[in-house]
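Asker: Here you go, one structure.
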There are 2 protein chains.
Amino acid sequence: MIIEKIAESNFNDSVFDSKVFGKNFSDHMLIAHYKDGKWDEPKIMPYGPISVTPAAMSFHYGQTIFEGMKAYKNEDEEVFIFRPEKNFERFNKSAVRLNMPEVPAEIFLDGVKAIVDLDRQWVPKDYGTSLYLRPVMFATEEAVSARSSNEYIFCILLAFAPSYYEKPLSVKIADFYSRAAQGGVGSAKCGGNYAASFFPTSEAQKDGYDQVIWTDSIEHKFIEEAGTMNVMVRIGNKLLTAPTSERILNGVTRDSVLALAKDSGIDVEIRPISVEEMYEAYKSGELKEVFGCGTAVVVSTYNAIGFGDERAELAPLSDEESFATQLKKKLKDIQYGIAEDPYGWRVKIEETVNA
Amino acid sequence: MIIEKIAESNFNDSVFDSKVFGKNFSDHMLIAHYKDGKWDEPKIMPYGPISVTPAAMSFHYGQTIFEGMKAYKNEDEEVFIFRPEKNFERFNKSAVRLNMPEVPAEIFLDGVKAIVDLDRQWVPKDYGTSLYLRPVMFATEEAVSARSSNEYIFCILLAFAPSYYEKPLSVKIADFYSRAAQGGVGSAKCGGNYAASFFPTSEAQKDGYDQVIWTDSIEHKFIEEAGTMNVMVRIGNKLLTAPTSERILNGVTRDSVLALAKDSGIDVEIRPISVEEMYEAYKSGELKEVFGCGTAVVVSTYNAIGFGDERAELAPLSDEESFATQLKKKLKDIQYGIAEDPYGWRVKIEETVNA
Ligand SMILES: Cc1ncc(COP(=O)(O)O)c(C=O)c1O
Ligand SMILES: Cc1ncc(COP(=O)(O)O)c(C=O)c1O
């Protein structure tokens, strides 16, 4: 790994005052190039623009995949990342589905560790804040021809993630637009899935909702996931979530929350959840909580669900009653190095680059 | 429109000897920026790399759309483009679906005309060859946050399009993977649709096919379109093609071929075509021709169709018998300024920029 340190750091404490997610980048980025069937040596260098032809294939045919992770700091200034092998694995699954080259662990995992180590002062300490890590790969071959690219850039970017103002969200259950097809790319973290979701989301926003809960594209009968979150539904005291499939992203937060729920004695069921079942439960008062799980917001509670034209308001639960609140706290306490980590999820970033 | 001409042209006649599509770019490109809710003045300038942050949103969330058109030259050195308003219209439909700003005619259409005029020596004269025109728009805002970008680049690139070696293609009918969902973005010319198709296409290639004919994502019972072509099926003397929908690109070639077919007295039917119907017709000897229609290859004949594990070989037809051959010739003769153009499809590129 080549390391070219920035001449003078751009860091100052006011960075942590920002309320904007993913706009304030750290001093460095990692770049590796794929060409002639192989990856070159990755280079960590000052964050900044790159020179690209407008004929770069990702601008045309959308071959682009990414991951989202976070680095956390505890009171002792120790820096942690969370289950990075999960993101590494998923990244390469996305790569295969998008017909892109896999990225070796020495570039992805060692790269993440090295750059977080180097930019560790950019990891904030306040509970709820973190440094967001964005591995991304995009096609760069200079060609306007609808086929897979032969050249790629893999890159890791780091940007400040403020604590979200934890306002509950309202979500509309998709009844016309779809995110993913059977046999499609829904389970890959590829750019096209997100691009496709923005217009339906803006339509839902016009109807007074913050986000969309996607449903199957066949009949819109079963819920799948939300924009950047897997969805959990609590009916009575049972916590339900849809099984992952080729249409649903296999979320790291989902997996972690499910483990924590089971180990907290919560009755968990992984099975298809129909919109009708949710609606019936709402009518009978059994729909206690619906929440999203994802790296960006950890757990996000929904306070209103749009079933067609009907807006179902969910009464807020106390912290003691709410599965969402309890599970979120358990997960964050592990991530921030506050609680024990019996699962071995936390990975400490050793100080080597700066030493 | 700002025009910054190249100091010294890179053109030489050997450009036209290339056998590669979309790799040899002309002297100039057009660039326009969208920011703060409006487009700046487009600029035609020497083709070359641009400076972009790796945090440009298109690399992450895949907001990117494009068009494909061609410029043709006749014996009198006159340069034509073909039905550009169709591409302009489709581009802006794609923009809406991808939640991107529409591009005004003064940038898209006037831009295409101005740059083709300026680079007219790059338009080859040989029948079958052309200058491929690639309008493209991609998200450039510097942010890793899953939402629509607030900044975009619109760009027009020009690259040599050689005459394809007109080998018939073999196609596999999709029975597992899908290209588009109901309620999805199939009818938009957005990057993600292509990126999603490369892996299934490479799998079909392992099975000995060149391309895939996509089917509905629900049951794979009805054919939709091919990689970069709409599909026409001739059963007996009837020419069938699937209706366009939110899942199928509304091809300009498809539309033109249908008009030519009708005016040639061919019995045309636009309706869903089931895989079963095609297979039955194959068994009974009534499946005469299957071909793709698209700007790149105009009309491409398929000589083998993969129905599941069965490879159905289609006997070649003579030029007189083949609808594909006849319709292709009619269309090309209009495009290349050889035949009359009763439809008003051809648009002559006036010499103004160089004058
Ligand atoms: C579509 C989608 N679903 C679910 C998730 C949740 O996944 P994770 O918990 O790994 O962040 C994300 C992303 O972060 C996502 O983009
Ligand atoms: C998916 C797809 N279908 C069909 C077509 C044919 O469209 P057109 O005839 O406008 O080129 C294309 C593109 O060129 C395409 O990319």
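Asker: Could you check, for the stretch A:227-236, whether at least one of its residues is in contact (Cβ under 8 Å) with a residue 60 or more places away in the chain, farther than 23 Å from A:Lys189 by Cβ and among the basic types (Lys, Arg)?
Answerer: Checking the stretch A:227-236: at least one residue is in contact (Cβ under 8 Å) with a residue 60 or more places away in the chain, farther than 23 Å from A:Lys189 by Cβ and among the basic types (Lys, Arg).
Asker: Listed residues A:Met69, A:Met57; which is under 11 Å from A:Leu157 (Cα atoms), crowded, with 16+ Cβ neighbours inside 10 Å and aliphatic (A, V, I, L, M)?
Answerer: Answer to the selection: A:Met69.
Asker: Further question: Looking at the stretch A:182-196 only, could you name the residues that are farther than 22 Å from B:Met100 by Cβ and open to solvent by 10 Å² or more (accessible area, probe 1.4 Å)?
Answerer: Matches in the stretch A:182-196: A:Gln182, A:Ser187.
Asker: Looking at A:Arg90, A:Arg134, which one is within 16 Å of ligand 1 (Cβ to nearest atom), within 23 Å of A:Leu331 (Cα to Cα), in contact with a His (Cβ under 9 Å, 6 or more places away or on another chain) and assigned by TED's automatic domain parsing to the domain that holds A:Lys35?
Answerer: Unique residue meeting the criteria: A:Arg134.
Asker: State yes or no: is B:Asn99 open to solvent by 10 Å² or more (accessible area, probe 1.4 Å), over 20 Å from A:Ser145 (Cα atoms), within 15 Å of ligand 2 (Cβ to nearest atom) and within 14 Å of chain A (Cβ to nearest Cβ)?
Answerer: Judged against the criteria, B:Asn99 is not a match.
Asker: Using beta carbons and a limit of 6 Å, which pairs, at least six apart or on different chains, have the first residue in the stretch A:178-200 and more than 15 Å from B:Ala188 (Cβ to Cβ) and more than 8 Å from every other protein chain (Cβ to nearest Cβ) and the second one of a type in the set (Gly, Ala, Ser) and not in a helix (DSSP H, G or I)?
Answerer: Going by the 6 Å Cβ cut-off, the qualifying pairs are A:Gly186/A:Ala180.
Asker: Suppose the filter is within 12 Å of chain A (Cβ to nearest Cβ), surrounded by fewer than 21 Cβ atoms within 10 Å (Cβ to Cβ) and not in a loop (DSSP other than H, G, I, E, B); does B:Ile31 pass it?
Answerer: For B:Ile31, the condition - within 12 Å of chain A (Cβ to nearest Cβ), surrounded by fewer than 21 Cβ atoms within 10 Å (Cβ to Cβ) and not in a loop (DSSP other than H, G, I, E, B) - is met.
Asker: Just checking, does the stretch B:8-21 include any residue being in a strand (DSSP E or B), open to solvent by 10 Å² or more (accessible area, probe 1.4 Å) and away from ligand 2 (no atom under 16 Å from the Cβ)?
Answerer: no
Asker: Moving on to the next point. Checking the condition at positive phi and either at pLDDT 95 or above or acidic (Asp, Glu) (or both), which residue from B:Gly251, B:Gly292, B:Gly308 passes? Before you say what the answer is, go through the steps one by one.
Answerer: Numbers: B:Gly251 fails: at positive phi; B:Gly292 fails: at positive phi.
Going through B:Gly251, B:Gly292, B:Gly308 in turn, just one is at positive phi and either at pLDDT 95 or above or acidic (Asp, Glu) (or both): B:Gly308.
Asker: Collect the residues in the stretch B:122-166 that are within 16 Å of ligand 2 (Cβ to nearest atom) and of a type in the set (Lys, Arg), keeping them in residue-number order.
Answerer: Result: B:Arg134, single match.
Asker: Take the residues in the stretch A:34-52 that are of a type in the set (Val, Ile, Thr) and touching a helix residue (DSSP H, G or I) at 6+ places or on another chain (Cβ under 9 Å); name whichever of them is surrounded by the fewest Cβ atoms within 10 Å (Cβ to Cβ).
Answerer: The selected residue is A:Val52.
Asker: Something else now. For the stretch B:219-237, how many residues meet the condition of being within 16 Å of the chain's Cα centre (by Cα) and either more than 16 Å from ligand 2 (Cβ to nearest atom) or of a type in the set (Ser, Thr, Tyr) (or both)?
Answerer: 1
Asker: Restricting attention to the stretch A:216-254, report how many residues are open to solvent by less than 20 Å² (accessible area, probe 1.4 Å) and either near ligand 1 (Cβ under 10 Å from one of its atoms) or not assigned by TED's automatic domain parsing to the domain that holds A:Ile305 (or both).
Answerer: Within the stretch A:216-254, residues that are open to solvent by less than 20 Å² (accessible area, probe 1.4 Å) and either near ligand 1 (Cβ under 10 Å from one of its atoms) or not assigned by TED's automatic domain parsing to the domain that holds A:Ile305 (or both) number 12.
Asker: Being open to solvent by 10 Å² or more (accessible area, probe 1.4 Å), touching a residue at least 60 places away in the same chain (Cβ under 8 Å) and within 11 Å of another protein chain (Cβ to nearest Cβ) is the requirement here; does B:Ile156 meet it? If you could, list the steps in order and put the result at the bottom.
Answerer: Values: open to solvent by 10 Å² or more (accessible area, probe 1.4 Å): no; touching a residue at least 60 places away in the same chain (Cβ under 8 Å): yes; within 11 Å of another protein chain (Cβ to nearest Cβ): yes.
Against the criterion (open to solvent by 10 Å² or more (accessible area, probe 1.4 Å), touching a residue at least 60 places away in the same chain (Cβ under 8 Å) and within 11 Å of another protein chain (Cβ to nearest Cβ)), B:Ile156 does not qualify.
Residue-by-condition table, conditions (1) within 23 Å of A:Ser217 (Cα to Cα); (2) open to solvent by 50 Å² or more (accessible area, probe 1.4 Å); (3) in contact (Cβ under 8 Å) with a residue 60 or more places away in the chain:
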| position | (1), (2), (3) |
| --- | --- |
| A:Arg271 | yes, yes, no |
| A:Ser274 | yes, no, no |
| A:Thr295 | no, no, yes |
| A:Arg311 | yes, yes, yes |
| A:Lys332 | no, no, yes |
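Asker: Restricting attention to the stretch B:334-344, report how many residues are under 12 Å from B:Ile81 (Cβ atoms) and either open to solvent by 20 Å² or more (accessible area, probe 1.4 Å) or small (Gly, Ala, Ser) (or both).
Answerer: 1
Asker: Looking only at strands (runs of 3 or more DSSP E) that lie completely in the stretch B:260-355, which have at least 3 residues being within 25 Å of the chain's Cα centre (by Cα)? Give the derivation first.
Answerer: Values: elements: B:267-270, B:287-294, B:298-307, B:310-313, B:346-348.
Passing ranges, in order: B:267-270, B:287-294, B:298-307, B:346-348.
Asker: I'd like the full set of residues that are open to solvent by 20 Å² or more (accessible area, probe 1.4 Å), within 14 Å of another protein chain (Cβ to nearest Cβ) and not polar (S, T, N, Q), limited to the stretch A:102-142.
Answerer: A:Glu102, A:Glu142 - these are the residues of the stretch A:102-142 that are open to solvent by 20 Å² or more (accessible area, probe 1.4 Å), within 14 Å of another protein chain (Cβ to nearest Cβ) and not polar (S, T, N, Q).
The values are calculated or read from the model by the stated rules, or taken from the named source; none is laboratory data. Everything quoted here is computed from the prediction, not taken from an experiment. Because the Cβ atoms are built from the backbone with ideal geometry, glycine has one as well, and the counts that use them run over all protein chains shown. Protein only, heavy atoms only, side chains kept; ligands, DNA and RNA dropped before computing areas. Shrake-Rupley method; radii C 1.70, N 1.55, O 1.52, S 1.80 Å.
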